[in-house]
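What follows is a single structure, written as structure tokens, with notes after it.
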């Protein structure tokens, strides 16, 4: 069984099932031959298509998998095709070890801050909803994609000219402040 499945998909499926809003969740039975999404979650208001990656190794490889997944025509198990355009939203789920969490945020914000107009358009075109971060099997509060883009705009100015450790401190600070602004303590 892959690290992605054990460290990201299973904890997130458990998190959805614990939610009071009654999510029905589907995951492919066979991870290696599956052609659909890693997780499909549905309740009466939302239909989420979730691509999951475990952030290990070069950032370009796992991040490119997240970015290109919504662009592919994939099988949908829980939704009729006619409802797809109205209700479906795409989410990313990323798993990471606690000690590498600041690295993850710094890498994401570096990508976003390089071309914010592209990421805004990407988010609208593929109907991005949010990003789930799973740290050592524990699902963190989801961050909306629009919120990450706003943080990316602030990050671009704050991290300009800083070396890697400084950029990581700035990214961690901005994301943690974002959680406080949303009412998380």
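Here are a few things to note about the model shown:
- The chain, helix-only ellipticity at 222 nm - DSSP H runs n ≥ 4, -39,500 (n - 2.57), divided by all residues, nearest 500: -14000 deg cm²/dmol
- Sorted fewest first by neighbouring Cβ atoms within 10 angstrom, 71, 48 come out as 71, 48.
- Approximate spin-label separation residue 60-residue 24, in nm, with each point projected 7 Å along Cα-to-Cβ: 4.3 nm
- Angle in degrees between helix 164-181 and the longest Cα principal axis of the chain, rounded to the nearest 10: 60 degrees
- Order of 141, 153, 53 - criterion: other Cβ atoms within 10 Å of each residue's Cβ, fewest first: 141, 153, 53
- DSSP bridge analysis restricted to the chain gives an antiparallel fraction near 40%, rounded to the nearest 5.
- Using alpha-carbon coordinates, inclination of helix 59-68 to the longest axis of the chain, degrees: 40 degrees
- Spin-label model, residue 67/residue 87: points 7 Å from Cα along the beta carbon direction are separated by 3.2 nm.
- Figure legend: label point modelled 7 angstrom from the Cα of residue 17 along Cα→Cβ; residues of the stretch 133-176 with amide N under 16 Å from it are 138-139.
- Angle of helix 145-158 to the longest C-alpha principal axis of the chain, folded into 0 to 90 degrees and rounded to 10: 10°.
- Length gained on full extension, residue 115 to residue 169: 17.3 nm, using 0.36 nm per residue less the C-alpha separation.
- Read-out Cα Rg over 2.2 N^0.38 Å, derived from the coordinates shown; its label in [x] 1.11; [y] 1.06; [z] 1.02: [z]
Read the figures in this text as sums done on the coordinates, not as results from a lab. For clarity, every value in this text was computed on a predicted model and none was experimentally measured. Backbone-built Cβ (ideal geometry, glycine too); neighbour counts: all protein chains shown.
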